[in-house]
Amino acid sequence: MTDMSRSASALAEPVERVGRGWTASLSLANGAIWVGWFGPLQILLASQAEDFAPGTGMSKETLLAWVAGAGALVSLAANPFFGALSDRTTSRWGRRTPWIVAGAAGGALSLLLLAGASGLWTMVAGWCLVQLTLNAAYAAITAAVPDRVPKLQRGSVGGWLGVAQILGVVGGTGLATALGGVGAGYAACAAFTLLGVLPYVLRHKDLRLAVEDLPVWSWRTFLTGFWLSPRRYPDLGWAWLTRFLINLSNALTLLYLLYYLRDRLDYSDPEQGVLILTAVYSVMLMATVVVSGAWSDRVCRRKPFVLWSGVLMAVATAMLAAWQTWPGAIVASAVLGIGFGVFTSVDFALMTDVLPTALDRGKDLGVINVANALPQVMAPALAAPIVTYLGGYRVLYLVSAVIGLAGAVLVGRIRGVD
């Protein structure tokens with residue numbers, strides 16, 4: 001393929017279906033990034049917070065909240081920023097591959113630096129570096145889908161990426177605990193993060209963008225490009241709001257499960273209970289995420305899947321408010337997993353369908369990914385006063401159900417997608 005044709009295809013809407021090898025290697029790279037995130041988030045950061053808290057005057061919970069919050073703020077900015085940089089990359093290795101390699105290598109190095117943290121501030125700095133670098137890789141991996149996958153295959157590819165995320169969470173947690181010790185856990189996560197992206201970058205050539213296809217560089221244009229006007233791009237605006245509301249509902253539902261089991265249900269072993277509910281949720285999510293994505297490709301429709309998955313998740317959340325028993329919690333977790341599995345794959349495909357321009361796919365997907373990260377920051381601020389002052393867990397889960405239902409209904413405002 002000549003440079004000219006490869007450049008044209010980099011900005012063209014893809015029509016050739018990708019093979020199983022491409023999907024598998026991209027999914028592995030995606031899962032490797034999630035290993036780098038969730039090994040620390042689930043286990044290692046908490047262990048370090050417990051070690052460092054006595055010298056800071058803070059509880060381990062407060063210290064961990066500060067570290068995680070700082071990293072979340074970096075993530076909010078880093079994902080669209082690196083997505084925009086990858087859009088404008090004209091290297092001989094393509095637009096996305098250099099950022100996947102640099103981000104994964106930087107993430108692995110940052111994890112090793114974090115392993116050597118000696119206190120609060122080095123821990124904050126290390127985790128922010130991890131978020132900065134891994135988001136560079138994640139933004140490029142996400143943008144590879146609209147670059148290479150035709151619209152009527154994106155649901156199934158999105159489903160496999162969803163499976164990879166779940167396995168990445170589980171794998172990261174397993175690596176962080178299996179080897180024993182914080183240092184060994186970070187080293188294992190760092191190694192997997194770096195090695196996991198190699199099959200994709202070594203086996204699959206990226207599409208190159210010609211220098212002449214780039215717009216004239218301007219800092220003002222670059223920075224203002226991160227604002228995607230809902231008036232100018234209404235479909236993208238409604239799709240963003242739909243994703244934000246459903247993710248906020250999901251975050252509110254999962255945030256205080258431990259306290260809900262202990263304080264409301266008087267469950268004898270709340271930690272084990274959270275593990276059981278998480279396992280039920282994950283199994284049901286994995287059972288639906290690929291099937292629903294492929295089904296939406298087959299029938300050439302997205303919005304009904306997003307609508308009914310949102311309704312199903314709202315029903316599950318309302319169960320936690322109305323049926324406050326251990327069996328009720330198990331049923332609600334199963335229903336929530338089914339709904340979020342459908343939503344994860346089909347909503348990803350829907351988002352790629354409403355992107356405004358081929359030149360800005362990485363940046364626009366980065367802005368869309370803010371709708372995933374922002375609810376994680378907002379959920380604690382909303383949930384705490386509701387539980388403490390405004391009616392407890394019953395009101396919390398009713399509010400969560402209403403938010404999720406609103407997100408499901410608003411998908412109907414998207415006009416450019418069936």
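The values are calculated or read from the model by the stated rules, or taken from the named source; none is laboratory data. As the structure is a computational prediction, the values presented were derived from the model and not from experiment. Here the Cβ positions follow ideal geometry from the backbone for every residue, glycine too, while neighbour counts run over all protein chains shown. Ligands, DNA and RNA are stripped out before the accessible areas are found, and what is left, the full protein with its side chains, is counted by its heavy atoms. Shrake-Rupley method; radii C 1.70, N 1.55, O 1.52, S 1.80 Å.
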Requested in this report: Could you tell me which numbered condition ALA184 fails, if it satisfies all but one of (1) open to solvent by 10 Å² or more (accessible area, probe 1.4 Å); (2) within 15 Å of the chain's Cα centre (by Cα)?
Outcome: (2)
Query raised in the report: Restricting attention to region 77-94, does a residue exist that is open to solvent by less than 10 Å² (accessible area, probe 1.4 Å) and more than 30 Å from ARG203 (Cβ to Cβ)?
Result: no
Report task. Taking TRP295 as meeting all but one of (1) open to solvent by less than 50 Å² (accessible area, probe 1.4 Å); (2) in a helix (DSSP H, G or I); (3) touching a residue at least 60 places away in the same chain (Cβ under 8 Å), write down the number of the exception. Result -> (1)
Query raised in the report: Looking at LEU359, LEU365, LEU410, LEU396, which is the one that is part of a loop (DSSP other than H, G, I, E, B), in contact with a Leu (Cβ under 8 Å, 6 or more places away or on another chain) and open to solvent by less than 50 Å² (accessible area, probe 1.4 Å)?
Result: LEU359
Report summary line: Of the residues in region 16-70 that are of a type in the set (Val, Ile, Thr) and part of a loop (DSSP other than H, G, I, E, B), the one that is modelled with the lowest pLDDT is THR56
Requested in this report: Answer yes or no: is there a residue in region 113-125 that is within 30 Å of THR357 (Cα to Cα) and open to solvent by less than 10 Å² (accessible area, probe 1.4 Å).
Outcome: no
Report task. Select from region 299-342 the residues that are open to solvent by 10 Å² or more (accessible area, probe 1.4 Å) and of a type in the set (Ser, Thr, Tyr) and list them in ascending order. Result -> THR325, SER333
Query raised in the report: Is there a residue being modelled with pLDDT under 80 and either over 19 Å from the mean Cα position of the chain (by Cα) or charged (D, E, K, R) (or both) anywhere in region 247-257?
Result: yes
**Report entry** Any pair with Cβ under 7 angstrom, 6 or more apart, that starts in region 355-370 at a residue that is of a type outside the set (Ser, Thr, Tyr) and modelled with pLDDT under 75 and ends at one that is part of a helix (DSSP H, G or I) and surrounded by fewer than 19 Cβ atoms within 10 Å (Cβ to Cβ)
**Finding:** ALA358/LEU11; LEU359/LEU11
Query raised in the report: What pairs come up if the first residue lies in region 259-272 and is open to solvent by 90 Å² or more (accessible area, probe 1.4 Å), the second is of a type in the set (Ser, Thr, Tyr), and their beta carbons are under 6 Å apart, counting only those six or more places apart or on different chains?
Result: ARG264/TYR393
Query raised in the report: Only one of (1) modelled with pLDDT under 80; (2) more than 26 Å from ARG302 (Cβ to Cβ) fails for ILE386. Which number is that?
Result: (1)
